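Data block below; observations after.
The values are calculated or read from the model by the stated rules, or taken from the named source; none is laboratory data. Model, not experiment: these values are computed from the prediction. Here Cβ is always computed from backbone atoms with ideal geometry, including for glycine, and neighbour counts include all displayed protein chains. Each accessible area value is taken on the protein alone, full model and side chains, heavy atoms only, with ligands, DNA and RNA left out. Shrake-Rupley method; radii C 1.70, N 1.55, O 1.52, S 1.80 Å.
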Amino acid sequence: MRTLFFLLQKEFLQIFRNKTLLGQILLAPTIQLLVLPWAANYEVKNISLAIIDNDHSTYSEKFESKIFSSGYFKPAEYCASFKEGYNLIEQEKADIVLEIPANFEKNLVRENQQKIFMAVNAINGVKALVGTVYLSSIINDYNSEIRSQWIKQQRFSPMPVIEIISTNWFNPLLNYKFFMVPGILVFLVTMLGAIMCALNIVREKEIGTIEQINVSPVKKYHFILGKLIPFWIIGMFVFTVGLTIARFVYGIVPVGSVGLLYGFLSVYLLAVLGMGLLISTYSDTQQQAMSLSFFFIMIFNLLSGLFTPIESMPEWAQVITWFNPLSYFIEVMRMVVLKGSGFHDIQHNLFIIFIFAIVVNTWAILNYRKRA
């Protein structure tokens with residue numbers, strides 16, 4: 001224990017003396033957590049809409065007013081023909097072109113039906129899909145309003161109507177920050193733990209101090225623990241800062257147990273730091289360690305379910321997520337923070353991360369002994 005104490009003292013002194021490393025550990029995650037959730041938003045707004053109004057009637061004006069008052073669309077330009085609207089799409093000035101035909105009001109009143117034409121720029125598939133859904137929803141609402149007005153005027157015979165009232169559980173206002181902040185916090189803790197741990201050990205190789213340690217009475221497990229424990233504590237600290245920012249900046253208060261989150265994090269950090277240790281055993285320079293770390297972090301991030309649901313991925317990608325520790329912790333964070341899940345609900349994820357931590361750390365220690 002005495003040897004480990006002196007090694008930990010050395011590691012903390014090295015960390016606190018390195019002002020750049022200290023800034024990366026403390027400031028970088030804080031700034032990223034303050035900025036990224038505002039940009040990582042699935043809600044699509046300011047969709048440019050070009051309208052071709054061939055009717056210029058009271059009904060068509062009300063229809064246009066309803067579309068733009070929704071807040072999702074902004075007027076691109078009023079066009080005289082579809083050719084002008086198509087040119088706007090080609091020039092990237094409009095996302096959707098909506099053509100209201102002549103006799104729109106007349107056909108709606110006399111024939112009780114009317115078709116309208118909609119052309120969508122599908123280069124950005126998400127924006128095109130969401131914009132189409134928004135516009136279709138507004139058209140349906142407008143159609144319902146007209147029918148309700150006419151029913152009052154006894155134009156139609158009253159018919160039974162099934163009204164659907166939906167309730168959003170665990171995130172009633174569909175606030176995307178509530179959904180993204182827990183996941184981004186997990187990503188930052190993972191990136192910080194894996195990369196910093198890998199670079200710290202490789203740095204010992206580059207400056208030659210690891211050879212001095214190898215010929216000293218310091219045992220291997222003392223050296224490994226001396227490298228892992230400081231970053232384990234730093235990971236806990238960064239996570240605490242992240243939860244504080246989530247509470248006071250975004251108003252996110254975990255519904256479930258905070259202690260359960262820390263319990264899972266304590267095991268998760270062992271897995272992540274073990275991954276950094278494993279990378280360091282295969283790297284001779286900090287550049288190699290950085291490249292390997294980014295390679296795995298990018299794959300883990302994109303296949304973690306942070307931005308896209310895992311269930312919507314191809315089967316081969318879903319198989320890869322079985323070996324992705326990030327996906328398990330993001331799921332746990334969202335379950336505990338938003339849903340209030342307990343230990344019984346996350347024990348499967350905890351068991352897998354525990355196994356992952358044992359395998360990765362054992363692999364790293366065996367490989368380190370072989371190469372050191």
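Return the only residue of A39, A94 being modelled with pLDDT of 85 or more and among the hydrophobic types (A, V, I, L, M, F, W, C). Walk me through it before giving the result.
Working: A39 fails: modelled with pLDDT of 85 or more.
Selected residue: A94, the only one of A39, A94 that is modelled with pLDDT of 85 or more and among the hydrophobic types (A, V, I, L, M, F, W, C).
Using the structure shown, decide if P230 is surrounded by 15 or more Cβ atoms within 10 Å (Cβ to Cβ), closer than 29 Å to I365 by Cα and in contact (Cβ under 8 Å) with a residue 60 or more places away in the chain. So P230 fits the description; yes. Given the structure, is S304 among the polar types (S, T, N, Q) and either part of a helix (DSSP H, G or I) or without any contact (Cβ under 8 Å) to a residue 60 or more places away in the chain (or both)? Against the criterion (among the polar types (S, T, N, Q) and either part of a helix (DSSP H, G or I) or without any contact (Cβ under 8 Å) to a residue 60 or more places away in the chain (or both)), S304 does not qualify. Only one of these is in contact (Cβ under 8 Å) with a residue 60 or more places away in the chain, surrounded by 14 or more Cβ atoms within 10 Å (Cβ to Cβ) and either of a type in the set (D, E) or in contact with a Ser or Thr (Cβ under 7 Å, 6 or more places away or on another chain) (or both): Y368, Y282. Name it. Going through Y368, Y282 in turn, the sole match is Y368.
Those helices (runs of 4 or more DSSP H) of segment 8-95 in which 2 or more residues are within 14 Å of L135 (Cα to Cα) and open to solvent by less than 40 Å² (accessible area, probe 1.4 Å) occupy 58-68. Across segment 297-316, the number of residues qualifying as open to solvent by less than 80 Å² (accessible area, probe 1.4 Å) and aromatic (F, W, Y) comes to 1. One residue stands out in segment 110-128 among those that are among the hydrophobic types (A, V, I, L, M, F, W, C) and touching a residue at least 12 places away in the same chain (Cβ under 8 Å): the one that is surrounded by the most Cβ atoms within 10 Å (Cβ to Cβ), namely V120. The condition (being over 30 Å from R247 (Cβ atoms) and at pLDDT 80 or above) is satisfied by just one residue among R203, R155: R203.
Close contacts from segment 325-341, counting a first residue that is under 14 Å from T190 (Cα atoms) and a second that is crowded, with 24+ Cβ neighbours inside 10 Å and among the β-branched types (V, I, T), with Cβ to Cβ under 7 Å and a gap of 6+ residues or different chains, come to P325/V272; L326/V186; L326/T190; F329/V186; I330/V186; M333/V186.
For every residue, the table says whether it meets (1) among the polar types (S, T, N, Q); (2) modelled with pLDDT under 85; (3) part of a loop (DSSP other than H, G, I, E, B).
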position: T167; (1), (2), (3): yes, yes, yes
position: P172; (1), (2), (3): no, yes, yes
position: M180; (1), (2), (3): no, no, no
position: T190; (1), (2), (3): yes, no, no
position: L199; (1), (2), (3): no, yes, no
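In segment 62-77, the residues that are closer than 20 Å to E92 by Cβ form Cβ pairs under 7 Å with partners that are at pLDDT below 85 and not small (G, A, S), at six or more places apart or across chains, as follows: Y72/K45; K74/N46.
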